[in-house]
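What follows draws every value from the coordinates through simple rules; no lab data is involved. Just so it is clear, the structure is predicted and the values come from calculations on it, not from any experiment. Don't worry about glycine lacking a Cβ; one is built from the backbone with ideal geometry, like all the others, and counts go over all protein chains shown.
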Amino acid sequence: MFKVTAIYARVSSDKQAKEGTIDSQLAALREFVAQKGWQVDPDREFVDNGYSGATLARPALDRLRDEIACGQIQRVVVLSVDRLSRKFVHQALLREEWERVGCELVIVNEPELRNPQDQVLNQIKAVFAEYEREVLLERTRRGLLHRAERGEPPPSAPYGYRYVPREGQAPAHWEIEPVQAEWVRKIYRWVWQEHLGIRAIARRLNQMGVPPPGGGEGWRESTVHRLLVNSAYRGEVYYNRSGRKGKAGMGRDGHGRTVKPEQEWIKIKVPVIVEGWEWEVVQQELKRHKELALRNAKPRRYLLQGLIRCGVCGRKMRGRESDGNLYYHCRSKQELLREKRCRSKWVRTERIEGVVWEAVKRLIEEPEQVLRSYEEQREMWLREEKERERRELEREKKMLEARHKRLVDAYEMGVISLEELVERRRRLEKAKQELRRQWIEWEERARHWQAYTEALSSLVRYREILKESLESLTFERKRELIRLLVEEVVVYEDKIVIRHILPTDRSLCSPHPRGSGRGERPFAPAPSTQGWRYPEAPLLRVELP
Ligand SMILES: [Zn+2]
């Protein structure tokens, strides 16, 4: 059978590229191909110049994979396997991907396999977890890029649009949903013609009985805000806008997601609901509202602003002044719908702040005590960890069985229908995702414990310096210190729970901690602040006076 052959070459740096390594690679490949009596068209020579082998995101490789997936290439020749990828995991991923569509991989300098079979098996087992993780990441990345390249918007269409899936030659697209779109236009007009605020808009929509997006119980302020800043309505949707956490050089958007540099965004056109100029005017108006609110805001007098959470419903609490007294109250007290409001009471700031400040002082003055109770908790956690490990192994076993079954399926390809195969793969994929999630969570937690121990012992060391300066701290400094040491404060009716957090960088344990806002805390992230995920983090329970 005739096979269309392609060659793939890669060098990792521009320097290598200049020195002609790429040419020698190509020459060797062409010679090899000629010796075998195969033929390679010039446009089947895939070359990545100056790309690292540590990632699969390389333009030529992406094109090669596309063509293979479409069945246009049946054989790929590379000089050595590390040209394909430096990671074993990625090599395995590509091999599996191409094997599945019947594309042969020929490696000119294939190292001899000295390993007995069980050694290979061990190797595979070792990368198993990593493999699954990479596969998932890679699929998502490529899936999105494909959609973007075809100019298709994501399937999750916002209020005002309806997603129309791909059919035959017609690409997927969004269609305007006329009734909803009319409401979108009205809402935009309310902002710049009537100068309504977000809260007022939400209230008006609820009064008019307009069904909210997604069929919720009512319009919320956040829903209205999202709608007013969504660039889709002026006809533009972006891919590749937010990225994975913790990458260097990324800012944050208003929702706490990391934002990639603008030149990496991919723009897709969708039908216009609000004219460009009108959209811009509304953005200006929103900005003005925000500035006004900032100007009118009283100097912040709430020591625990942003750290304090309601124990009844779990939402954040905010500071409020009433009759000359300062209070914290649950945010859901401001819900537009009465039945959604929390039944918790307002609490005077003095009642809580003093207690928290004392606890923080105690932590600084007697870190050993905290360290001890923390060690106890850690041991308990480790015991539970053993049990978890056992369950984990069981799960892995099941997954391996599932994998085996898939192999059998592939073997019997002619017997089972394609749908059945797809369905089985889907189920397997789901189980893998879950395992991956748990794995990441476990890793994060382990890191957290480690960082915590380190930080506590550095506190022991810096105790004397800290102690001295404690009494003379200004309100601002106090607040900074609390922010450095407390993850959150949860207020119940008769007690509060203080959850600690500690800097991992020892230099930050100086009496005058740097950094102010939570967004710019200069120390390593302790565990996600999403609330209730780390119940085993060190706690301090205090009865309220
Ligand atoms: Zn509440």
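Please give the strands (runs of 3 or more DSSP E) falling wholly within segment 273-336 in which 1 or more residues are touching an Asp or Glu at 6+ places or on another chain (Cβ under 6 Å) and closer than 29 Å to LEU485 by Cβ.
By residue number, 308-310.
I need the full set of residues from segment 327-352 which are within 15 Å of the ligand (Cβ to nearest atom) and out of contact with any Phe, Trp or Tyr (no Cβ under 9 Å at 6 or more places or on another chain), in order please.
The answer is ARG331, SER332, GLN334, GLU335, LEU337, ARG338, GLU339, LYS340, ARG341, CYS342, ARG343, LYS345.
Can you say whether TYR302 is within 15 Å of the ligand (Cβ to nearest atom) and among the aromatic types (Phe, Trp, Tyr), as far as the supplied structure shows?
So TYR302 fails the test.
When segment 306-326 is examined, which residues are found to be more than 9 Å from the ligand (Cβ to nearest atom) and crowded, with 20+ Cβ neighbours inside 10 Å?
Of everything in segment 306-326, those that are more than 9 Å from the ligand (Cβ to nearest atom) and crowded, with 20+ Cβ neighbours inside 10 Å turn out to be LEU307, ILE308.
Looking at GLY53, GLY71, can you tell me which residue is assigned to a loop (DSSP other than H, G, I, E, B) and surrounded by fewer than 16 Cβ atoms within 10 Å (Cβ to Cβ)?
Within the list GLY53, GLY71, the selection yields GLY71.
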